[in-house]
Amino acid sequence: MIHRQGFSLIEMLLTMTVGSALMVLAMTLLQQAMTLSSQTRGQCDSDRATHRLCEQFRRDAHIATAVTTQDNLETIFTVDSERVFYRVLDGTVTRTTSTGHQGQERSGHEHYELGASTSVSIERLEQPERVSLTVRRQPMLKHVGPRIDRQIAVTVGRLAVGTASEETQP
């Protein structure tokens, strides 16, 4: 009986085939996990931006003394000598503040990236004067319509009225 050392060609090919199949399965799972992680991170970033937008929008509306909307794309809040502009364009909301008088103006910009599958609408409501902010998202599923992600209706001047009445009292 001859004792051989090493492996036959068939054994090596079989081992390489099984190893390659396991490697392909592992890479497929890794790629799917990375894609899901990226989508989840993007959704979390979008949720955080939406939350920050809603909170800032609520604060601006509460202290505003007047509100103007133009074609559902731009909303202007006026607070004394300050004006706050909200512009909606392709899943991004830009908040611009303009403070001061002519020649001494200061301005600031803030961008809220909500994602390409997001639509934002701002509407002015009457009785009492309110402003509504609606954020809709297109789900990743086909044949499913957009769902409302967040919707708030804010009373304009809620805090401005309280401070104005306190100033007029003796």
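The values are calculated or read from the model by the stated rules, or taken from the named source; none is laboratory data. Predicted model only: the values in this text are computed from it and were never measured. For neighbour counting, all protein chains shown are included, and Cβ atoms are generated from backbone atoms with ideal geometry for every residue, glycine included.
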**Report entry** Every residue from the range 112-161 that is over 23 Å from the mean Cα position of the chain (by Cα) and without any contact (Cβ under 8 Å) to a residue 60 or more places away in the chain
**Finding:** LEU125, GLU126, GLN127, PRO128, VAL161
Query raised in the report: Within the range 33-53, is there a residue that is out of contact with any Leu (no Cβ under 7 Å at 6 or more places or on another chain), surrounded by 12 or more Cβ atoms within 10 Å (Cβ to Cβ) and of a type in the set (Val, Ile, Thr)?
Result: no
Report task. Would you check if MET12 is surrounded by 11 or more Cβ atoms within 10 Å (Cβ to Cβ) and either part of a helix (DSSP H, G or I) or in contact with a helix residue (DSSP H, G or I) (Cβ under 6 Å, 6 or more places away or on another chain) (or both)? Result -> yes
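Take the range 121-131 and flag every residue that is out of contact with any Lys or Arg (no Cβ under 7 Å at 6 or more places or on another chain) and within 14 Å of GLN70 (Cα to Cα).
Matches in the range 121-131: SER121, ILE122, GLU123, ARG124, LEU125.
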**Report entry** Scope the range 132-153; condition in a strand (DSSP E or B) and of a type in the set (D, E, K, R); matching residues
**Finding:** ARG136, ARG137, ARG147, ASP149, ARG150
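Can you tell me which residue among THR118, THR94, THR75 is β-branched (Val, Ile, Thr), closer than 20 Å to ARG150 by Cα and modelled with pLDDT of 90 or more?
The unique qualifying residue is THR94.
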